[in-house]
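Quick notes on the structure that follows.
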Amino acid sequence: MGKITYKRLKGSQNMRQRLLLATLKSTPVLIEDIHADDTLPGLRPHEISLLRLFEKLTDDCLIEINETGTKLKYKPGIIVGGSHLVHDCGVSRAIGYFLEPLILLGLFARKTLVIILKGITNDSKDPSVDTFRSTTFPLLKRFGVPSEGLKLEIKSRGVSPHGGGEVHLAIPTVQHLTATMWTDEGMVKRIRGEAFTTRVSVQLGNEMIYAARGIFNRLLPDVYIASDYRKRSEAGNSSGYGISLVAETTSGCCISADTTVSYPRGDEEEDIEGEEKKELIPAADVGEKLASVLLEEIEKGGVVDSTHQGLLFLLCALCVNDVSKVRVGKLSPYGIETLREIRDFLDVQFVIKPDPSTGTVILKCWGSGMKNLSRKTT
Amino acid sequence: MAMDSGADGQSHKAHRSRHSGASAKKKTKAKNKDQNSDQKQQNPKAFAFRSNAKAKRLQSRAVEKEQRRLHLPVIDRSYGELPPFVVVVQGPPQVGKSLLIKTLVKHYTKHNLPDVRGPITIVSGKQRRLQFVECPNDINGMIDAAKFADLALLLIDGSYGFEMETFEFLNILQVHGFPKVMGVLTHLDKFKDVKKLKKTKQRLKHRFWTEIYDGAKLFYLSGLIHGKYPKREVHNLARFISVMKFPPLSWRTSHPYLLVDRFEDVTPPERVQMNSKCDRNVTLYGYLRGCNLKKGTKVHIAGVGDFSLAGVTGLSDPCPLPSAAKKKGLRDKEKLFYAPMSGLGDLLYDKDAVYININDQFVQYSKVDEMGGTTNKENKRDVGEDLVKSLQAVKSPIDEKLEKTKISLFSHNGRKRRKAIFGDGVDHSNLKSTDEENEGDEDDDSDNDNDEGENDRSNEDNESCSGSEFSDGDEEDLKSEEDDRSNEDNESCSGSEFSDGDEEDLKSEEDGMGNISKWRASLVERASKKQNINLMQLVYGKSASTSNTSANEVKDDSENEESDEDEFFKPKGQRAKNSIEGLGGGNINTEDCSKSTKISELKNWKEEEVYESIRDRFVTGDWSKGALRNQMSEAKTEEDDIDGDFEDLETGEKYESHQKDDSSNGGIQKEDDDAIEERRLKKLALRAKFDAHYDGSESPEEETDVQNGGKFHRSQANDSGYYDKLKEEIELQKQINIAELDDLDETTRLEIEGFRTGMYLRLEVHDVPFEMIEYFDPCHPILVGGIGLGEENVGYMQTRLKRHRWHKKVLKTRDPIIVSIGWRRYQTTPVYAIEDQNGRHRMLKYTPEHMHCLAMFWGPLAPPKTGVLAVQNLSNNQAAFRIIATAYVLEFNHAARIVKKIKLVGYPCKIFKKTALIKDMFTSDLEVARFEGAAIRTVSGIRGQVKKAAKEEIGNQPKKKGGQAREGIARCTFEDRILMSDIVFLRAWTQVEVPHFYNALTTSLQPRQKTWQGMKTVAELRREHNLSIPVNKDSLYKPIERKPRKFNPLVIPKALQADLPFESKPKNIPHRKRPLLEDRRAVVMEPHERKVHALVQHLQLIRNDKMKKRKIKEEEKRKEFMLLFNTFS
């Protein structure tokens, strides 16, 4: 027992889930061949930032990275959490990338987690912070997370190249998660959303809203999309615009979609050359496209959208020893990867049963009985 | 009656009621009571309450009592058949433990048990099985027994009284969850005097009650008849055991555990032959208790260590409950009995064979070669035989053992055992004999062995994995199996193939119009169940690999890696093909994105038919259709199979029309179904709850039962709504779980929830130290406990500890103690501490006398709230109480945060006004810098602060004198000027290291009689080496000598003197040589004068006396008054 046996893994794929599950299950992991074949081998900046975040939240964890950064040794500590934490997420990935594991980590921490995250708030790659507020938090409530403690405030927005956004996140701790039977997707009763613009004209936001409404109006009258115009310090360091939409159903499911458009990173000279040389997607197209994406998500069915599948599966697997049953649309690659990681780490398998009449998939699992062990008893 | 009897001519003796004695008293009492109560009930109005306040008080009291009665309901997650309850019989030596077990077994099964070794399982009733275990007499055995006992029978020698063992065991039980306890008094025939007997019973009973609770059951066994306990009393005891309820205990419901009732060594004999001390492979058999056991779980074998399971197999129950036919009592045939370690019981079931036990005297064994003829595989020895032989080897040398070919498991019984081999078992043994790998495979699909011999044989070269899933054996399956085999070398390949197919399915669904024929064909092809497996295969890869996951983590991972590598080193094109949608998992460095980024192929949602297609997903669409969509899927898929409902999904118009009418009636019907289903679940839940309330009282008609339940529930709901709701929720969840799990087929269910409690399991564990085999003793039961989440890690644990009040000494920090936490027992060195007001954990050198304190130690972690028991001395021959402390885990950290006080002492070397330079407190300027701003204090209480290291020029000038500048002199300021004679203290705190030490107790790896010896305490070492305790002379207390202080005479300055008033001025009256005349002269009185003087003196005396008396009297009076006053005020 004195010697630590590491679970050996390969590659940088699913780094977040792996680190998260390793921490929750307190299994030491050894990841090799991280971007070994790339021209720039080794851990990416956001991965390192993620590791730093984990180090911040846990007590006495051990992280060893070899010289080239292709090998990572991670011995998890006890999740402590705590308030007055600040983390700079960097600009290689958005805050959404960090939020996904952070939420689960916070639930099983010793103390309530209150943290300030700085970086890119909206990105086309990761779910935006708006989505977290509108969709992910209601999802957590399904699993017995008290809604009072959950809080995410957007202090300032920052988009892709230079970031500069800031969010304040608070996550309560739980003793354990409760299992849920969640197969009723309901019907979409309202669509809400938020369109934001940073360092660009308000008009762009309105265009997006107008375009999106144009699509929805044929299907549903109850559509309301707010516009969030940010300027100066609240607008971060780069200019861009984006929109996030949520469809709420009669049974309380939230299906979301979001996207962001921003001026990509260019060389300094080119910037001087002229601003209009980078062809951005016009705002109206963005709105229209995203509305279509949302409709597509709705068409796929399931109680969550494809982005939240991974989180949903994780939550189901971390429940008490009861059966959870959820319905999702087509399994997303990320969801499948998550299922595999869950199998490897938690030893929880899902029964996956397609429902051919609706094109959805029903997943059942027997929760792993995870309990918050780091909480102090009095 | 009497008349009649008289008429018959038979005169019966008339009943004579007692006029004195206990029964008479009881009767009269009852009569009186009856009368009284009758009187009371005559006029209920007369006894109604009259006072409003009283009524309120009564009501509130009743409510309070009700609330206090409530406990948080414990969730019982054992859904299967209950495992036998473990009855541990414990007591000091020579008190009659074995005899009690023997008589109980005799009572239940009519078998005579020669001797009690290991657990004995019997069927005691239609619903209940019991497992009797005799508790070994050493403390390790007692601790282990307490961890698996459901009921503890504490045997007490009535003629001797309580012994330490009983109390120790009670304390152990309390720490580890306190199962049910019943005391049994034996040796009561030693009392000749009836009165004394009665007194003793009374005394012992009350002592027993103080230890447990008032009214705890203490049983009396009055003596022996024919060397057995009286039948009647044993019958009563059995009755008590049979009606006992066993509440779930929190540790046990969250951890799987096994009480091993059969234990075998399955090491290949070649290895043992090569090296008799090689690590062994063992199999452990027992009922699974606690919670479900997943295949990947690690286990702790008490007294041996942690192991990962090399294989788990569910076996058929060797001692099954009788069939559920309605009848009263048990038939003799059903009174089963299973005690493999005692060498009793007729049948022994292994995973692929059944052993029949035949009594020696009934069977004439033929010679060895003849035996070989029957089993016909003598040259190729099978594992079963090896197993038997290796077990034999425990007592005999190896070479001897190898020569023996007789099969006898328990040589001491003179019993012989023959292996009865089933049909295809022969083949198995053939296969098995060669290598271990095959064996491992067979572990996994052994369930199918019996019905699937053929499959197995065909698959023997492959990983015979898929057999279990495709057991139906229709053509399709075979085909797929073939596919499997062709793709054997490359898992991912087959996976991708499936995925392709599925992709198409899904796509076709999306299109709605696409190649329907294909879609349909595939639907027909796949039954819903199979499809589900396919999707699961798609996600999880081959099922075989998953079922194998259990074994060795590292090994498993390496396997996975290999497969990964297989995929990894592939031509690039192929890889790309495989990793469609990343399902093949080709690239190990894919970006970690939860959002699927491809938005390129979007439909044009402006077109009407496109957006109309999802109209029903909106509230503006058809609600019934929407509802239909949200039905539970199972019912639907079942119907799909039967009715061919999937045809709905055919081309456009057809789909529309068909769907609509279908939805209009079908939807409603399905809704109804759904509602009915829900109602059914609720009813079940209610019924279960009702049963739980009324202790399984089974009324014959279900309907009434449910109704009763409902009524009961309603009335109860008014009283305690929340509690009731909570209970109902739990019950509902349970029913949902059962319903959902029952849906699955057996193999998937096993993978999903693991092995259920109550199953008879065979665990295979590899690389166990050989000592476990060598020193195996059936009288010491083996406990195998599953290790929960994070419990295999090592770290610091903080516990709340209290020294046991019967332990004579306080405990010293860093003295090694042996703790028992969870399943484990290990030695560790705790550091005691106490939490100060400000949350600081201050180290204590010794535990407080009568108080809780914190104890921090290093060791394998246990979850918070786990009970901890500490012992120091394991030896049996000590009279004192062995349990030194009890505790429970508060939290665990990786870092220890205990501090102790440190006092830095310094002396002033130069004093300015309120500043002083302090020397000797610090050794360097760096240290001073560390403590800048720290508070300091002189002995006289003057407070100050450390400022900075003293500069050279101020007071620290040895350089001028040619020396080195002294370091570590600090400039400090005080609130007042200090003296050179003052001593300055700086009080600080320093971190205390908790030693990184723990030593698992390996008591099963040594002879049982030997006392385990771990780390010794310092005191023990000193005693051994005859060393005295080192003494620091400075620390000794010396009598404090305080000289009377001499003060100088007060001198008043001249100027001040001049100003003083005359009265206060010191007057310099010269000293007289001779006293004044008044003082010197003598008084001579006249006789009369003397008389008068005497009289006056007398009078004065009298008066004084009077006054004194009066004063005393007044004082008394005053006191009395004050007393009165005090009482009234």
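The values are calculated or read from the model by the stated rules, or taken from the named source; none is laboratory data. Worth saying up front: this structure is predicted, and the values here are computed from it rather than measured. Cβ sites come from the backbone with ideal geometry, for glycine too, and all protein chains shown count toward neighbours.
In the set (1) in a loop (DSSP other than H, G, I, E, B); (2) under 25 Å from B:I588 (Cβ atoms); (3) not charged (D, E, K, R), A:T338 fails one condition alone, (1). Is there a residue being closer than 24 Å to A:V348 by Cα, of a type in the set (D, E, K, R) and in contact with a Ser or Thr (Cβ under 6 Å, 6 or more places away or on another chain) anywhere in the stretch A:136-151? Taking every residue of the stretch A:136-151 in turn, at least one turns out to be closer than 24 Å to A:V348 by Cα, of a type in the set (D, E, K, R) and in contact with a Ser or Thr (Cβ under 6 Å, 6 or more places away or on another chain). The number of residues in the stretch B:88-126 that are part of a strand (DSSP E or B) and touching an Asp or Glu at 6+ places or on another chain (Cβ under 7 Å) comes to 3. If only residues of the stretch B:996-1018 that are assigned to a loop (DSSP other than H, G, I, E, B) and within 14 Å of chain A (Cβ to nearest Cβ) are counted, the one that is surrounded by the fewest Cβ atoms within 10 Å (Cβ to Cβ) is B:H996. Among the residues of the stretch B:230-245, the one identified as surrounded by 12 or more Cβ atoms within 10 Å (Cβ to Cβ), assigned to a loop (DSSP other than H, G, I, E, B) and in contact with a Lys or Arg (Cβ under 9 Å, 6 or more places away or on another chain) is B:M244. Inside the stretch B:872-891, can you point out the residues that are of a type in the set (F, W, Y), away from chain A (no Cβ under 14 Å) and under 30 Å from A:R110 (Cβ atoms)? Correct list: empty. Scan A:I191, A:I171, A:I154 and give me the residue that is surrounded by 24 or more Cβ atoms within 10 Å (Cβ to Cβ) and within 17 Å of A:S244 (Cβ to Cβ). The unique qualifying residue is A:I191. Looking at the stretch B:773-846, the strands (runs of 3 or more DSSP E) lying wholly inside it that each contain 3 or more residues that are more than 27 Å from B:T283 (Cβ to Cβ) sit at B:794-803, B:817-821, B:831-835, B:841-844. Looking at the stretch B:1047-1066, is at least one residue touching a residue at least 12 places away in the same chain (Cβ under 8 Å) and farther than 30 Å from B:D815 by Cβ? Yes, because at least one residue in the stretch B:1047-1066 is touching a residue at least 12 places away in the same chain (Cβ under 8 Å) and farther than 30 Å from B:D815 by Cβ.
Every residue, every condition in (1) part of a strand (DSSP E or B); (2) modelled with pLDDT of 90 or more; (3) not aliphatic (A, V, I, L, M), yes or no:
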| position | (1), (2), (3) |
| --- | --- |
| A:I272 | no, no, no |
| A:D285 | no, no, yes |
| A:R327 | yes, yes, yes |
| A:I342 | no, yes, no |
| A:T378 | no, no, yes |
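The set of residues from the stretch B:51-91 being of a type in the set (V, I, T) and within 14 Å of another protein chain (Cβ to nearest Cβ) comprises B:V74, B:I75. Within the stretch B:120-165, the set of residues being of a type in the set (S, T, N, Q) and within 22 Å of the chain's Cα centre (by Cα) comprises B:Q131, B:N140.
Of all residues in the stretch A:88-117, those satisfying the criterion of being assigned to a loop (DSSP other than H, G, I, E, B) and under 17 Å from A:S147 (Cα atoms) are A:F108, A:A109, A:T112. No other residue among B:G621, B:G626 is of a type outside the set (A, V, I, L, M, F, W, C), at pLDDT 60 or above and crowded, with 21+ Cβ neighbours inside 10 Å apart from B:G626.
In the stretch A:283-296, the residues that are free of Cβ contacts under 8 Å to residues at least 40 places away in the same chain form no Cβ pair under 6 Å with any partner that is part of a helix (DSSP H, G or I) and surrounded by 24 or more Cβ atoms within 10 Å (Cβ to Cβ), whether six or more places apart or across chains. For the stretch A:292-308, does any single residue satisfy the condition of being part of a helix (DSSP H, G or I), buried (at least 23 other Cβ atoms within 10 Å of the Cβ), facing chain B (nearest Cβ under 9 Å) and hydroxyl-bearing (S, T, Y)? The answer is yes, given that some residue of the stretch A:292-308 is part of a helix (DSSP H, G or I), buried (at least 23 other Cβ atoms within 10 Å of the Cβ), facing chain B (nearest Cβ under 9 Å) and hydroxyl-bearing (S, T, Y). One residue stands out among those in the stretch B:742-757 that are facing chain A (nearest Cβ under 7 Å) and in contact (Cβ under 8 Å) with a residue 60 or more places away in the chain: the one that is surrounded by the fewest Cβ atoms within 10 Å (Cβ to Cβ), which is B:T748. Filtered by the rule that a residue be under 18 Å from A:L24 (Cβ atoms), touching a Phe, Trp or Tyr at 6+ places or on another chain (Cβ under 8 Å) and either facing chain B (nearest Cβ under 7 Å) or among the polar types (S, T, N, Q) (or both), the stretch A:341-364 gives A:R343, A:Q349. Evaluating A:G69 against the criteria (1) small (G, A, S); (2) surrounded by fewer than 19 Cβ atoms within 10 Å (Cβ to Cβ); (3) facing chain B (nearest Cβ under 9 Å) leaves one unmet condition, (3).
Just one of the listed residues (B:D115, B:D189) is within 30 Å of B:Q1006 (Cβ to Cβ), more than 22 Å from the chain's Cα centre (by Cα) and surrounded by fewer than 19 Cβ atoms within 10 Å (Cβ to Cβ), and it is B:D115. Against the condition surrounded by 15 or more Cβ atoms within 10 Å (Cβ to Cβ), of a type in the set (S, T, N, Q) and under 27 Å from the mean Cα position of the chain (by Cα), how does B:S222 come out, does it pass? Considered against the rule, which asks whether it is surrounded by 15 or more Cβ atoms within 10 Å (Cβ to Cβ), of a type in the set (S, T, N, Q) and under 27 Å from the mean Cα position of the chain (by Cα), B:S222 comes out as no.
Within the stretch B:876-912, the residues that satisfy the criterion of being basic (K, R) and either in a strand (DSSP E or B) or at pLDDT 90 or above (or both) are B:R882, B:K900, B:K901, B:K903, B:K910.
So in the stretch A:1-30, with the set limited to residues that are surrounded by fewer than 18 Cβ atoms within 10 Å (Cβ to Cβ) and at the interface with chain B (Cβ under 7 Å from one of its Cβ atoms), which one is nearest to A:K71 (Cα to Cα)? In this case the residue turns out to be A:R8. The selection criterion, being more than 14 Å from chain A (Cβ to nearest Cβ) and closer than 22 Å to B:F85 by Cβ, does not hold for B:V282. Among residues of the stretch B:783-801 that are facing chain A (nearest Cβ under 10 Å) and in contact (Cβ under 8 Å) with a residue 40 or more places away in the chain, those with a beta-carbon under 7 Å from a residue that is among the acidic types (D, E) and surrounded by fewer than 24 Cβ atoms within 10 Å (Cβ to Cβ) at least six positions away or on a different chain give the pairs B:E792/B:D306; B:Q798/B:E891. Looking only at the stretch A:214-225, decide whether some residue is farther than 30 Å from A:K111 by Cβ, touching a residue at least 24 places away in the same chain (Cβ under 8 Å) and more than 14 Å from every other protein chain (Cβ to nearest Cβ). Yes, there is a match, as at least one residue in the stretch A:214-225 is farther than 30 Å from A:K111 by Cβ, touching a residue at least 24 places away in the same chain (Cβ under 8 Å) and more than 14 Å from every other protein chain (Cβ to nearest Cβ).
Among the residues here, B:P864 qualifies as under 15 Å from the mean Cα position of the chain (by Cα), part of a loop (DSSP other than H, G, I, E, B) and over 17 Å from B:L1001 (Cβ atoms). Is it fair to say B:L761 is of a type in the set (A, V, I, L, M) and either in a strand (DSSP E or B) or buried (at least 21 other Cβ atoms within 10 Å of the Cβ) (or both)? Answer is yes for this residue.
If you go through the stretch A:212-227 and pick out every residue that is in a helix (DSSP H, G or I) and either among the aromatic types (F, W, Y) or touching a strand residue (DSSP E or B) at 6+ places or on another chain (Cβ under 9 Å) (or both), you end up with 3.
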